[in-house]
Amino acid sequence: MTAFSEFPPALPALSHPRSDLDPLDWSDMRAIGHRMLDDVFNDLENLRDQPVWQPMPDTVRSAWHAKLPQAPTELAIVYKAYCRDIAPYATGNRHPRFMGWVHGGGSVVGMLAEMLAGGLNANLGGRDHAPIACEQQVIRWAAEMLGFPDDASGLLVTGTSMANLMAVLVARTDALGEGIRTGGLADAALTAYAAAGVHGCVARALDIAGIGSDALRLIACGADGGMDLATLRTTIAADRAHGLTPFLVVGTAGSVDTGAIDDLAGLADCCAEQEVWFHVDAAYGAIAMLSDAKKPLLTGIERSDSVAFDFHKWAQVPYDAGCLVVRCAASHRAAFERPANYLKRETRGLAAGSPWPCDFGPDLSRGFRALKVWMTLSTYGTDRLGQIVDRTCALAVYLAERIAREPLLACVAPVHLNIVCFRVRGGDDTLHATIAADLQEGGIAAPSTTRIEGRVVLRAAIVNHRTREDDIDALIDGVIAFAALHRQR
Ligand SMILES: *Cc1c(COP(=O)(O)O)cnc(C)c1O
């Protein structure tokens, strides 16, 4: 009782008139906010007239070595610095002629959703509130898209790299029991299997999980670009014979190099018979489920135990928006849940609504990624997103046909979905890397490179919803022009 009365009766006056961070004059703030929004709209409306990408000049690079800003600065001045030093020198993936790596183009709706989410500042780690209901809706939609049961669980995360890591942890706990979460792996010798062209983040996931990337067996691929199932079976059998514990097969739906898709139904059979966890890395390929024409290529994904994919690639949701979906919610939860006094659950009030998202992944505090996904899917509808899948795949075929007609160029891999790998005949590794950089620095187009059968080649991934045939023509014309230029030297 006494402790409270010992406090001084009056608090000392604060020296600053306002201690909070809200504006003194909301009308000034409104004006600058509206100006920012208009600038973004103008920028997006005129994307096509801008270079795809431009390197940062040295003056801009050096602007990023300022001291910690102790004193306040007018927002208008800070915004000016953004317009000068950041906006013109971003990745360029919004642009229709960005074709490097696998980057989504984003959308106006996604941008607006980001703004609204920022305004709400919700924390989706847990507790009972509508943003979590929104995320759960998005997860149910993801499950529906994949042909998973309605009670599958899932989480929005940064990207497929994180989702794959979480899937490895779920599969590990499922194979060895929850005891390994406290006791560690000890001398459990787990092994995992994936196609030779699997994304590097899967090996890294095994590394981070403490299993070690050497535990990943890379299975040779057949003519269709997918894992050879006979080799998979003999490799698993050989590992078992050596006393190892096969626990995970990672199928790929849309490989990063060429867009190849494993025989997912065959993998589902194999995993059922071998009793190992069947995970699918469908980073961008999952969205092909929204296309009636492409969906059959992914048959079998609905039988997997878990799927990792990105909304920020083919679904055009702004970065970042990855997703993990797990068929068995109990297995998912068993890998992450950890009770804590300060996270106690109740049946009413804000602490209700258990289980919480923090019971299904490594993050406690989490942003409202779900809003931009929900708003994108709701506004455009899955039919339109499926049409983007069809159109970008058709553009990849158009690109391959143009390459076939150019005597100087040759495709070096089959076109499975929306990725085309090609080379300049007679050109060496350096020439291909040089042409990619020339196109990027010229602001003309942004392909990337990869290595196919030991040689560096050009690679175009048509992911952006804004890309048209004339953008493909610009890429080809640019490659031919730079190839000719370097030949003359
Ligand atoms: C992009 C990609 C990843 C990595 O996803 P992030 O969202 O960048 O973490 C993994 N696998 C494949 C096949 C990919 O295309």
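Summary table below
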quantity: Number of positions in the stretch 148-158 that are surrounded by 21 or more Cβ atoms within 10 Å (Cβ to Cβ) and within 12 Å of the ligand (Cβ to nearest atom); calculated: 2
quantity: Close pairs (6 angstrom Cβ cut-off, 6 or more residues apart or separate chains): of a type in the set (Gly, Ala, Ser) in the stretch 160-171, within 12 Å of the ligand (Cβ to nearest atom) anywhere; calculated: Ser161/Cys201; Ala163/Val157; Ala163/Ala308; Ala163/Gly322; Ala163/Leu324; Ala167/His279; Ala167/Ala308
quantity: Single match in Val397, Val412, Val373 (criterion: touching a Lys or Arg at 6+ places or on another chain (Cβ under 6 Å) and either of a type in the set (A, V, I, L, M, F, W, C) or over 22 Å from Arg140 (Cβ atoms) (or both)); calculated: Val412
quantity: Subset of the stretch 196-220 [out of contact with any helix residue (DSSP H, G or I) (no Cβ under 8 Å at 6 or more places or on another chain) and either within 24 Å of Asp310 (Cβ to Cβ) or among the aromatic types (Phe, Trp, Tyr) (or both)]; calculated: Ala196, Gly197, Val198, Gly200, Leu218
quantity: Only one of Val307, Val373 that is within 16 Å of the ligand (Cβ to nearest atom) and either assigned to a helix (DSSP H, G or I) or among the acidic types (Asp, Glu) (or both); calculated: Val373
quantity: Residue check, Thr234 away from the ligand (no atom under 16 Å from the Cβ), open to solvent by 10 Å² or more (accessible area, probe 1.4 Å) and free of Cβ contacts under 8 Å to residues at least 24 places away in the same chain; calculated: yes
quantity: Checking Pro23 against (1) surrounded by 10 or more Cβ atoms within 10 Å (Cβ to Cβ); (2) at pLDDT 95 or above, the condition it does not meet; calculated: (2)
quantity: Lone unmet requirement of (1) within 16 Å of the ligand (Cβ to nearest atom); (2) touching a helix residue (DSSP H, G or I) at 6+ places or on another chain (Cβ under 7 Å) for Pro246; calculated: (1)
quantity: Unmet criterion (only one of (1) part of a helix (DSSP H, G or I); (2) within 16 Å of the ligand (Cβ to nearest atom)) for Met145; calculated: (2)
quantity: Whichever residue in the stretch 189-202 is more than 11 Å from Asn164 (Cα to Cα) and not aliphatic (A, V, I, L, M) and, among such residues, is farthest from the ligand (Cβ to nearest atom); calculated: Thr191
quantity: Identity of the residue in the stretch 215-229, among the charged types (D, E, K, R) and out of contact with any Ser or Thr (no Cβ under 9 Å at 6 or more places or on another chain), that ends up surrounded by the fewest Cβ atoms within 10 Å (Cβ to Cβ); calculated: Asp224
quantity: Those residues of the stretch 249-265 which are over 14 Å from Tyr193 (Cα atoms) and either near the ligand (Cβ under 10 Å from one of its atoms) or open to solvent by less than 10 Å² (accessible area, probe 1.4 Å) (or both), in sequence order; calculated: Ala253, Gly254, Ser255, Val256, Asp257, Gly259, Ala260
quantity: Some residue of the stretch 203-214 being part of a helix (DSSP H, G or I), β-branched (Val, Ile, Thr), within 15 Å of the ligand (Cβ to nearest atom) and open to solvent by less than 50 Å² (accessible area, probe 1.4 Å); calculated: no
quantity: The one condition in (1) buried (at least 16 other Cβ atoms within 10 Å of the Cβ); (2) hydroxyl-bearing (Ser, Thr, Tyr); (3) away from the ligand (no atom under 16 Å from the Cβ) that Thr182 fails to fulfil; calculated: (1)
quantity: Filter result (surrounded by 13 or more Cβ atoms within 10 Å (Cβ to Cβ) and of a type in the set (Ser, Thr, Tyr)) within the stretch 316-360; calculated: Tyr319, Ser331, Ser354
quantity: Pairs with Cβ under 6 Å, 6+ apart, first in the stretch 275-301 and over 17 Å from Ile388 (Cα atoms) and part of a helix (DSSP H, G or I), second of a type in the set (Val, Ile, Thr) and open to solvent by less than 10 Å² (accessible area, probe 1.4 Å); calculated: Ile301/Val280
quantity: Selection status of Gly125, at positive phi, open to solvent by less than 50 Å² (accessible area, probe 1.4 Å) and modelled with pLDDT of 95 or more; calculated: no
quantity: Only listed residue being out of contact with any Ser or Thr (no Cβ under 6 Å at 6 or more places or on another chain) and either under 25 Å from Leu44 (Cβ atoms) or modelled with pLDDT under 95 (or both), chosen from Gly386, Gly427, Gly381; calculated: Gly381
quantity: Filter result (open to solvent by less than 50 Å² (accessible area, probe 1.4 Å) and either more than 14 Å from Ala461 (Cβ to Cβ) or out of contact with any helix residue (DSSP H, G or I) (no Cβ under 9 Å at 6 or more places or on another chain) (or both)) within the stretch 89-102; calculated: Asn93, Phe98, Val102
quantity: Residue pairs meeting the criteria (Cβ under 7 Å; at least 6 apart or on separate chains; first modelled with pLDDT of 95 or more, in the stretch 326-343; second of a type outside the set (D, E, K, R) and open to solvent by 30 Å² or more (accessible area, probe 1.4 Å)); calculated: Arg327/Pro149; Arg333/Pro355; Ala335/Leu169; Phe336/Pro362
quantity: Extreme residue, farthest from the ligand (Cβ to nearest atom), among residues of the stretch 284-300 that are open to solvent by 10 Å² or more (accessible area, probe 1.4 Å) and aliphatic (A, V, I, L, M); calculated: Ala293
quantity: Condition check for Val198: under 23 Å from the mean Cα position of the chain (by Cα), among the β-branched types (Val, Ile, Thr) and not in a helix (DSSP H, G or I); calculated: yes
quantity: In the stretch 83-114, residue farthest from Trp53 (Cα to Cα) [restricted to those that are under 20 Å from the mean Cα position of the chain (by Cα) and not in a loop (DSSP other than H, G, I, E, B)]; calculated: Ala113
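The values are calculated or read from the model by the stated rules, or taken from the named source; none is laboratory data. Bear in mind the structure is a predicted one, so any value in this text is a computation, not a measurement. For neighbour counting, all protein chains shown are included, and Cβ atoms are generated from backbone atoms with ideal geometry for every residue, glycine included. Surface areas here come from the heavy atoms of the whole protein model, side chains and all, with no ligands, DNA or RNA. Shrake-Rupley method; radii C 1.70, N 1.55, O 1.52, S 1.80 Å.
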